[in-house]
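Each remark here refers to the structure printed beneath this line.
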Amino acid sequence: MASNEEIQAYFDQLGLTYQNVGEGIWVLNLEEHGVDNLVINHEPPIVVLRVKLREAPKKNREVFFSRLLEMNATDLVHGAYALEDESVVLVDTLQSEHLDLNELEASIDSLTLAAVQNYKELVGYL
């Protein structure tokens, strides 16, 4: 099982800027990729990756949520769009038991790519 130290070493190997904000909790700053708030939380045996995108719109919610479901099916390799309270987030979960550098990197890349590619469309909903 990957330890917190091993996960943090993966961040270093990938050259990522991060802040350790608690036991097994990191915030990655990926501004060069357009994302500055990717939170990674290791609660063995699960690693959760989460990016908050925006608050859910007050109007046209049905159309907005329908579009998120379409994006889940077509735009994401890892993870899914989700609703957390009234916030729209991108989330992915990995098992830490066999976590390796490539798997973590693929998940981070997938979430950041989706966030950047779809952000303008998602913020267009009021």
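Rule-based calculations on the coordinates, nothing more; no lab input. Everything quoted here is computed from the prediction, not taken from an experiment. Neighbour counts run over all protein chains shown; Cβ positions are idealised from the backbone, glycine included.
One residue stands out among those in the range 28-81 that are under 25 Å from E103 (Cβ atoms) and of a type in the set (K, R): the one that is surrounded by the fewest Cβ atoms within 10 Å (Cβ to Cβ), which is K52. Selection over the range 94-126 of residues that are surrounded by 15 or more Cβ atoms within 10 Å (Cβ to Cβ) and not in a helix (DSSP H, G or I) gives a count of 4.
Sort through R61, R54, R50 and tell me the only one that's under 29 Å from L122 (Cα atoms) and in contact with a helix residue (DSSP H, G or I) (Cβ under 8 Å, 6 or more places away or on another chain). Outline the logic, then answer.
Details: R61 fails: in contact with a helix residue (DSSP H, G or I) (Cβ under 8 Å, 6 or more places away or on another chain); R50 fails: in contact with a helix residue (DSSP H, G or I) (Cβ under 8 Å, 6 or more places away or on another chain).
The conditions single out R54.
Scanning the range 59-82 for residues that are under 29 Å from L14 (Cβ atoms) and either touching a residue at least 24 places away in the same chain (Cβ under 8 Å) or not small (G, A, S) (or both) yields L68, M71, N72, T74, D75, L76, V77, H78, G79, Y81.
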